[in-house]
1. Would you check if residue 92 is within 20 Å of residue 49 (Cβ to Cβ) and buried (at least 18 other Cβ atoms within 10 Å of the Cβ)?
2. Where residues in the range 76-92 are part of a helix (DSSP H, G or I) and touching a helix residue (DSSP H, G or I) at 6+ places or on another chain (Cβ under 6 Å), which of them is nearest to residue 43 (Cα to Cα)?
3. Among the residues of the range 38-50, count how many are in a loop (DSSP other than H, G, I, E, B) and more than 15 Å from the chain's Cα centre (by Cα).
4. Do you know which residues across the range 102-152 are surrounded by 13 or more Cβ atoms within 10 Å (Cβ to Cβ), in a strand (DSSP E or B) and touching a helix residue (DSSP H, G or I) at 6+ places or on another chain (Cβ under 7 Å)?
5. With respect to residue 75, is the statement that it is within 12 Å of the chain's Cα centre (by Cα), surrounded by fewer than 19 Cβ atoms within 10 Å (Cβ to Cβ) and touching a residue at least 24 places away in the same chain (Cβ under 8 Å) true?
6. Being surrounded by 17 or more Cβ atoms within 10 Å (Cβ to Cβ) and in a loop (DSSP other than H, G, I, E, B) is the filter here; which residues of the range 6-37 pass it?
7. Test each condition in (1) part of a loop (DSSP other than H, G, I, E, B); (2) in contact with a strand residue (DSSP E or B) (Cβ under 9 Å, 6 or more places away or on another chain); (3) crowded, with 17+ Cβ neighbours inside 10 Å for residue 53 and report the one that comes out false.
């Protein structure tokens, strides 16, 4: 697992260049262009389970879904930042990408420190220090676990339909 470290105000055009907005829409088309202007090695070297640590205002800029979709499809375990742009936060949640706001953990990280995240307990370990972060509301965590808002909704509808079709016992 690799930890990728970026600073403040990483905008959506840095995450996925706007020039591809109308030509790339699938995860397979988006992934090769992730962070290409900010970190040209990222798309080639990112692996499932990697973590991004970033400063304040991560994801500021436009409301395009490709940056969040691309990061999710890369298999990131989470993005941990000092703060997120509100619109990116919601777009990432809709894609099932775990975002954790914990400025203390970001500030404590030193190159090479191991990072372990326990989203259920609201804890992140950086090196030999453990930090807590606010628990994500249960419904939001269910969306992340389901892989995004669409899979979550499909699961709920399937369960509702199954309940409606099952015979009632009186």
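1. Values: within 20 Å of residue 49 (Cβ to Cβ): yes; buried (at least 18 other Cβ atoms within 10 Å of the Cβ): yes.
When the stated conditions are applied, residue 92 passes them.
2. Of the range 76-92, the ones part of a helix (DSSP H, G or I) are 86-92.
Filter once more, keeping what is touching a helix residue (DSSP H, G or I) at 6+ places or on another chain (Cβ under 6 Å): 91-92.
On the way: 91: 20, 92: 18 Å.
Result: 92.
3. The initial filter retains those residues of the range 38-50 that are in a loop (DSSP other than H, G, I, E, B), namely 38-41, 46-50.
If we keep only those that are more than 15 Å from the chain's Cα centre (by Cα) as well, we get 38-41.
So the answer is 4.
4. If the condition is that a residue be surrounded by 13 or more Cβ atoms within 10 Å (Cβ to Cβ), in a strand (DSSP E or B) and touching a helix residue (DSSP H, G or I) at 6+ places or on another chain (Cβ under 7 Å), then 124, 126, 131 are the ones that fit.
5. yes
6. 6, 10, 16, 17, 24, 34, 35, 36
7. (1)
This table checks each residue for (1) in contact (Cβ under 8 Å) with a residue 12 or more places away in the chain; (2) within 24 Å of residue 110 (Cβ to Cβ).
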site: 16; (1), (2): yes, no
site: 20; (1), (2): yes, no
site: 41; (1), (2): no, yes
site: 53; (1), (2): yes, yes
site: 63; (1), (2): yes, no
site: 67; (1), (2): yes, no
site: 84; (1), (2): yes, yes
site: 92; (1), (2): yes, no
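Quick note: the coordinates plus some simple rules give every number you see, no bench work behind them. Nothing here was measured: the structure is a model prediction, and the numbers come from that model. Positions of Cβ are backbone-derived with ideal geometry, glycine not excepted, and every protein chain shown enters the neighbour counts.
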